[in-house]
Structure formats: structure tokens, C-alpha cells
Amino acid sequence: MITATGPGRVNLIGDHTDYSGGLVMPMAINLSTVVQGEPGGEFVELHSSDEQEPAIVALDIEDPSTITPSWARYVAGVVSELRPQQGFKGTVTTTLPIGAGLSSSAALEVAVALALGFDGTSLELAKLTQRGEQRASGVPCGIMDQLSSASGVDGSALMIDCHDLTVTAVEVPANCEIRVIHSGQARELAGSAYADRFDDVTAAQVVLGPLRDITTLDALSALDDERLLRRARHVVSENARVRAFHDAFRRSDLVSAGRLMVQSHCSLRDDFDVSTPVLDELVERLCATDGVYGARLTGAGFGGCVVALCQPGAIDEGWHVTPSSGAHVNS
Ligand code: GLA
């Protein structure tokens, strides 16, 4: 019997920066997905208590994006990248909300890969499952979600440089609590809007070169397209905010960290256009609450969850998430 666990992640700061090789600061969390079962047979067959139909995937699956039910695509994406020698039969259970911006799909992918016998470093696991997700969903997602799930560190957030793919653990200050609150808004159209943002960032980089190398906003004046200018301004300013947040966390300066989170939210709202009125209102309400240092949308946006940095006990809604170790397998 094999038991493989993939944690979800919450991104504290640095959104829509990973696919241009920028900086992100997520953490793996204490909500996770577990795949349990036994190897053998010609198919990967997984039954989930949250889904009506099982995922049944042939080992020689060609196109993971077309199989049904839709959750089986993530399993199929991993199978198509890993090409295991034998099948697997088992169950999937999760404590993560599905499709809420906490990387339930990445958690499933890394747990499936480990259950199917993946043997390599956490970076290799992240790269394989990122390719699996891209094949399954057709969305050109970055590496943050899979890398956070694969390389989480108990008690720490992760400073990830998405260009050289280094992961540095940054201890979460003891005197704070991190809360995740669902906006109640499903992330409809998130896939196509995400691809549009990816295209905008790519187009801005054709003119400016790698955005991760730009350190002053003056350099953006070479862009004459107003929309591309705003996209680039978000990415360049967000990379700077991640650096500043990292420094604030290391000095346990939660007031500055919270302020940077709010600035990040405003940039995602005004320059990157990935927020919604529901998310904006939730962030505003949380920030007006005593003991909340800051809040922002987390992940791709377009609905889903907000993350808040608080004094312990300041709010009791949502999930109290704690920084957790990365994906692992017990057999
Ligand atoms: C999704 C993607 C990540 C990242 C975030 C936005 O979660 O899977 O790669 O781009 O959106 O930061």
C-alpha cells in the first residue's frame, strides 16, 4: 500500500510573476491531497469521495486534455509525462477546497506522480507535474504551484526565484497568523484570461527584454501600448514588492509586510486586471478589521481566495493555514 501526500499552497506575495522568471513567496500549507492505493494493472484508476465518477487513465494516454470526468485530466497529464511501467488502483481524498486558488490541481498532480513511483528531486517533480498540468488544461501555467507543493518546508514560506529555480526557506514570524478566506466566487474563465495575461507579458518582453531584469519603472516608457505598459508595471513592481516583503518578514516587520500585500492587491486589480469587485470588497473589509496587517487575492485571481496576514486571533473566518513540509510518500 502506497500513501502519497501533496500539500496545497497559498501565495503570500508575487502573483503573475512566475512565468516571466520573476520572484514569488508562497508556502505549502496544512491542507493537502492524499492518494492511497496499490500499484498494478494496465490503468491508473482513482476514486475520489468528492467526485461522482472515477478517473480511469490508460498508461498510453495520448491527449490528457480531452478525457472525462474533467478532474481525471490532471491524473492523465501526470501519466502522460511520467509513463509509469504499471498502473495503480486507489483513492483520492483532500482537505483542500477545489478550484479556489490554493492549488488543488498541483497537490493532486504531485501526489499522483509520487504514488506512481516518481523518483527524483523536488524540482524535477515540479517540472514534470507543471508539464502535466499544461497538457491537461491547455493553460500555460508557471511553476510556482507545483514547486511549492513539492518543496514545502515546515514553519517556513518559500522565496522562489523562478528564473534559476532556487528555493530559499524564510521562517514565518511567530507572532502572526495567516488566514485564507474564500470569496465565494468561482474562478470562471480563469484559464482563458490567464492565457491572455501570459500573452501580454510575452509581448511586453519582446519590446523590453526580460522583465525580471528591470528595476526601474522609467525603463517601461519604451512601451507605447497602454495595456502592455500596465501589465509590465505590475510584474516589475511586484518583483520589487516580493523582495521588500522578504526583508520585512526576516525582521518580523508585519506592518510593512501587510502594507506590501495590499499594494500587491491594488496592482493586480488596477494594472493586471485579475481582481473582481467581490475580491476587492473582501480585501477592503478584512483590512478594516483590527489586527489585520494586510490582505490580497492569492493565485491567479478572477475569484477564489484572499490571504490575510493577521495578529493571532484577529479574525476567525476562513482557514488558519500553517507552513508545511512538501509532498512525500510512505509505503
Ligand atoms: C496560477 C498558476 C501559477 C501562477 C499563479 C499566479 O496559480 O498556476 O503558475 O502563475 O496562477 O501567480
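Where a number appears in this text, it was derived from the coordinates with a stated rule and is not lab data. This is a predicted model, so every value here is computed, not measured. Please note: Cβ atoms are built from the backbone with ideal geometry, for glycine as well, and neighbour counts cover all protein chains shown.
Separation between the T322 and A58 pseudo-spin-labels, each 7 Å from Cα along Cα→Cβ, expressed in nm?
It is 4.6 nm.
Any idea what diffusion coefficient the chain gets from Stokes-Einstein, in µm²/s, Kirkwood Rh on alpha carbon pairs, 20 °C, 1.002 mPa s?
108 µm²/s
Along the Cα→Cβ direction, 7 angstrom out, place labels at D247 and H47. What is the inter-label distance in nm?
5.6 nm
With +1 on each Lys and Arg Cβ and -1 on each Asp and Glu Cβ, how big is the dipole of the range 209-308 about its Cα centre, in debye rounded to the nearest 20? Please report the intermediate quantities before stating the final value.
Numbers: 13 positive and 15 negative charges, 75 e Å.
Using Cβ point charges on Lys, Arg, Asp and Glu, the range 209-308 gives about 360 debye.
Two decimals is fine: what is log10 I(q)/I(0) at q = 0.17, 0.20, 0.28, 0.31 Å⁻¹ for the range 75-116, from a Debye sum with one equal scatterer on every Cα and no solvent?
After summing over all Cα pairs, the log10 values are -0.48, -0.64, -1.04, -1.16.
What is the distance, in nm, between label points placed 7 Å from the Cα along the Cα-to-Cβ direction at L165 and at D213?
The answer from the label model is 2.1 nm.
Between V79, N239, G318, whose Cα lies farthest towards the positive end of the dipole of the chain when Lys and Arg beta carbons carry +1 and Asp and Glu beta carbons carry -1, centred on the Cα centre?
Checking the options against the dipole of the chain, the answer is N239.
To the nearest 20 debye, what is the magnitude of the charge dipole of the chain about its Cα centre, counting +1 on the Cβ of each Lys and Arg and -1 on the Cβ of each Asp and Glu?
Dipole size: approximately 500 debye.
Provide, in order from the shortest bin, the percent of all Cα-Cα pairs of the range 196-257 in each 10 Å bin, continuing until the bin that contains the maximum pair distance.
22, 45, 21, 12, 0
Do the sum for the chain: with -39,500 (n - 2.57) for every DSSP H run of n ≥ 4, divided by all residues, what is the mean residue ellipticity at 222 nm, to the nearest 500 deg cm²/dmol?
The per-residue figure over the chain is -11500 deg cm²/dmol.
For the range 83-239, what ratio Rg/Rh do Cα atoms give with a Kirkwood hydrodynamic radius? Before the final figure, lay out the partial values.
On the way: Rg = 18.2 Å, Rh = 18.1 Å.
Result: Rg/Rh = 1.00.
Given the convex hull over the Cα atoms of the range 182-331, what projected area results after averaging over all orientations, in nm²?
It is 11.6 nm².
So if the hydrodynamic radius of the range 1-96 is defined as the Kirkwood radius over C-alpha pairs, what does Stokes-Einstein give as its diffusion coefficient at 25 °C and 0.890 mPa s, in µm² per second?
On the way: Rh = 14.8 Å.
This corresponds to a translational diffusion coefficient of 165 µm²/s.
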